[in-house]
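Working notes, beginning with the structure itself.
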Amino acid sequence: MENCPSELLLLIFSSLHPRQLTRCRRVCRRWYTMIECILRNENMWKAHCLKEFEDVYQKKRLSGLTWRKLYRSLNLWTKLLSATETQLIAFTSFFCEEIYGFQLLTNGIIGLHRKNCIVYHDIHTLEYELSLLPMFGNYTRYVENDETIVLLEHQANLTIIRKVLKDAQHVRQIVFSNIKNFLLKTDEVYIITVDNKIYVCNLHDEKLKSTFVMRLTANILCVEYVNRCLNVLTANKHILVISGRRLISQFKLNDNCNTLHILKQYNLLQNLSWSNYVVNNWYTWINPKVVKIYGDFVFVGTNFGFLKIYRSPYVNKEFDLVTSRPIRQYRLPCSPSHQFQNHIRHIDVLEEEDGHSVFISTSEKLVVIKFSHNVSEDGLLI
């Protein structure tokens, strides 16, 4: 191979997986130099991230890592059991400051949803972020991304706020009344009214106008937008698939089907309010409060402050949290007065260089579990 033309070698190397390239660069100095040039190409890492990991743009947006470092971090999840673990209590609330949830934002910011306000903190130092003013109000739900804030009040008023005005003609915010739930996506907000009407608000519309989609007779529990379709779960255990303003299919859940598996297929597990829905006998067994699906890993937070981490919980190719055993399990700390009300309310994950941080909020605390990996680059894969 010493006399092999560089052009041919580059053609061969460009078709190899990063793991194979890592091995090949050990052959000789020439190969090492050529392969290092390939490995410095961020477009290659981006392509592999997109191919091998779901929702990679969300992970990239939150982490701020290069594509190469993000790819490395995501691959390290397979070594979770050997990772060094650190548990940190980020915030503790008093009764009057009950924590409802949080949002991980770009630039290292976390939006903390307390009982009467939304406050912003630096995600690393946990100090108040003075450049962002708190928002005061009695909100039941709060969701935020790079461009939009959506707030649902106890009085059933929904406020959509543009963080950046791209045009002087655009309105900054709009309020809808008689709303019980919503779903924020990149380009639109799906709005569910108390009488089970579905509207969609186009975030690119200068007036933030909403369009009527459909009214259902059954009570709507949750919705998710996947593959250009809106999946809807109702209280009478129907799953409806809506495209545009047309109902294109529906499925009736029954006691003979694997309800968990079907809810996962329709991407409805993560948005479901478990206190309003009981799924066969497994609900009592697992006692979930929130479910977070992150690639091959599933995080389940229970009503009593237990966090369970599963890896690929499938039995006979079906999603199964009853038979599967968690690879990690934690009892989150709480004060004696909260030991029977230590409900986990929200879970999210932040990728870091050679590690991951899992954020978990209960009504009393925000806890961060950090997993760090001490693996040499050649010893891992890139």
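The values are calculated or read from the model by the stated rules, or taken from the named source; none is laboratory data. Quick caveat: nothing in here was measured; it's all calculated off a predicted structure. Cβ: placed from backbone, ideal geometry, glycine included. Neighbour counts: every protein chain shown.
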Original post:
On the given criteria, is THR159 among the hydroxyl-bearing types (Ser, Thr, Tyr) and either under 20 Å from the mean Cα position of the chain (by Cα) or within 24 Å of MET135 (Cβ to Cβ) (or both)?
Top reply: yes
Original post:
Is there any pair linking a residue in the stretch 48-63 that is closer than 17 Å to ASP354 by Cα and modelled with pLDDT of 85 or more to one that is of a type in the set (Gly, Ala, Ser) and surrounded by 13 or more Cβ atoms within 10 Å (Cβ to Cβ), with Cβ under 7 Å and at least six apart or on different chains, and which?
Top reply: PHE53/GLY295
**OP:** Determine if the stretch 32-51 includes at least one residue that is buried (at least 18 other Cβ atoms within 10 Å of the Cβ), under 30 Å from ARG345 (Cα atoms), in contact with a strand residue (DSSP E or B) (Cβ under 7 Å, 6 or more places away or on another chain) and not acidic (Asp, Glu).
**Re:** no
Original post:
Does HIS154 meet the test of being over 16 Å from LEU350 (Cα atoms) and touching a Lys or Arg at 6+ places or on another chain (Cβ under 9 Å)?
Top reply: no
Original post:
Does the stretch 99-110 include one or more residues that are surrounded by fewer than 17 Cβ atoms within 10 Å (Cβ to Cβ) and more than 18 Å from ASP146 (Cβ to Cβ)?
Top reply: no
Original post:
Of all strands (runs of 3 or more DSSP E) completely enclosed by the stretch 223-277, which ones contain at least 2 residues that are on the phi > 0 side of the Ramachandran plot, touching a residue at least 60 places away in the same chain (Cβ under 8 Å) and not small (Gly, Ala, Ser)?
Top reply: none
Subject >> Residue match in the stretch 87-96 (condition: under 21 Å from GLN329 (Cα atoms), in contact with a strand residue (DSSP E or B) (Cβ under 9 Å, 6 or more places away or on another chain) and without any contact (Cβ under 8 Å) to a residue 12 or more places away in the chain) >> reply: no
Original post:
Among the residues of the stretch 324-352 satisfying the criterion of being loosely packed, with under 14 Cβ neighbours inside 10 Å and among the polar types (S, T, N, Q), which is modelled with the highest pLDDT?
Top reply: GLN329
Original post:
Which one of the conditions (1) buried (at least 21 other Cβ atoms within 10 Å of the Cβ); (2) under 30 Å from GLY108 (Cα atoms); (3) within 19 Å of the chain's Cα centre (by Cα) does PRO313 fail to meet, given that it meets all the rest?
Top reply: (2)
Subject >> strands (runs of 3 or more DSSP E) contained in the stretch 155-221 and holding at least 3 residues at pLDDT 95 or above and out of contact with any Leu (no Cβ under 7 Å at 6 or more places or on another chain) >> reply: 179-184, 197-202, 210-215
**OP:** Run down VAL143, VAL150 and say which single residue is surrounded by fewer than 18 Cβ atoms within 10 Å (Cβ to Cβ), closer than 26 Å to TYR57 by Cβ, out of contact with any helix residue (DSSP H, G or I) (no Cβ under 8 Å at 6 or more places or on another chain) and among the hydrophobic types (A, V, I, L, M, F, W, C).
**Re:** VAL143
Original post:
Which condition breaks for SER15 when tested against (1) surrounded by fewer than 16 Cβ atoms within 10 Å (Cβ to Cβ); (2) part of a helix (DSSP H, G or I); (3) among the polar types (S, T, N, Q)?
Top reply: (2)
**OP:** State whether the residues of the stretch 77-85 include one that is of a type outside the set (Lys, Arg), touching a residue at least 24 places away in the same chain (Cβ under 8 Å) and closer than 30 Å to VAL119 by Cα.
**Re:** yes
Original post:
Could you give every pair whose Cβ atoms fall below 8 Å, whose first residue belongs to the stretch 188-205 and is at positive phi, and whose second residue is among the aliphatic types (A, V, I, L, M), counting only separations of at least 6 or pairs across chains?
Top reply: ASN196/LEU216; ASN196/ALA218; ASN196/ILE220
